[in-house]
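Below is one structure, written out as structure tokens; the observations come after it.
The values are calculated or read from the model by the stated rules, or taken from the named source; none is laboratory data. Keep in mind it's a predicted model, so treat the numbers as computed, not measured. Neighbour counts are summed over all protein chains in view; Cβ atoms, including those assigned to glycine, are modelled from backbone coordinates with ideal geometry. Side chains are part of the model used for accessible areas, which takes the heavy atoms of the whole protein and leaves out ligands, DNA and RNA. Shrake-Rupley method; radii C 1.70, N 1.55, O 1.52, S 1.80 Å.
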Amino acid sequence: MLSTDAKQESMMKKIEQVVSILMEEDSLFKEELNYSKIVKHLTNLFAENLSFEEFNNISEQSLKNRCRGIMSTELMAGMLDDLTPEEMAIFDEAIKRK
């Protein structure tokens, strides 16, 4: 039986590989997201929401898709932080119309 630290390290290594691939495929991820912070964030999210066994049973493609979605959300959240109050009001109004 692996210790919790060993499980966390195993998850992190798998996530590091996926994040590296995604950052190479999409330069916006590489430019706008901090590699270490996003790996830590993803590792924490998966550790909090899935058992080690569930995480290990996720296919590589599924893990890549999940990480891409989370990274995209983080990227969008970062962009919203840069909006002025007026721009944010316009954005909010556009979202409400959808």
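The residues of the range 65-82 that are open to solvent by less than 60 Å² (accessible area, probe 1.4 Å) and free of Cβ contacts under 8 Å to residues at least 12 places away in the same chain, listed by number, are Gly69, Ser72, Ala77, Leu80. Looking only at residues of the range 55-66 that are in a helix (DSSP H, G or I) and touching a Phe, Trp or Tyr at 6+ places or on another chain (Cβ under 9 Å), we find that the one that is nearest to Ile21 (Cα to Cα) is Leu63. Kindly indicate the residue of the range 21-60 that is of a type in the set (Gly, Ala, Ser) and open to solvent by 50 Å² or more (accessible area, probe 1.4 Å) and also farthest from Thr73 (Cα to Cα) among those meeting that condition. Looking at residues that are of a type in the set (Gly, Ala, Ser) and open to solvent by 50 Å² or more (accessible area, probe 1.4 Å), I get Ser59.
Pairs linking a residue in the range 37-53 that is more than 21 Å from Met23 (Cβ to Cβ) to a residue that is among the basic types (Lys, Arg), with Cβ atoms under 6 Å and 6 or more positions apart or on different chains, are Phe52/Lys7.
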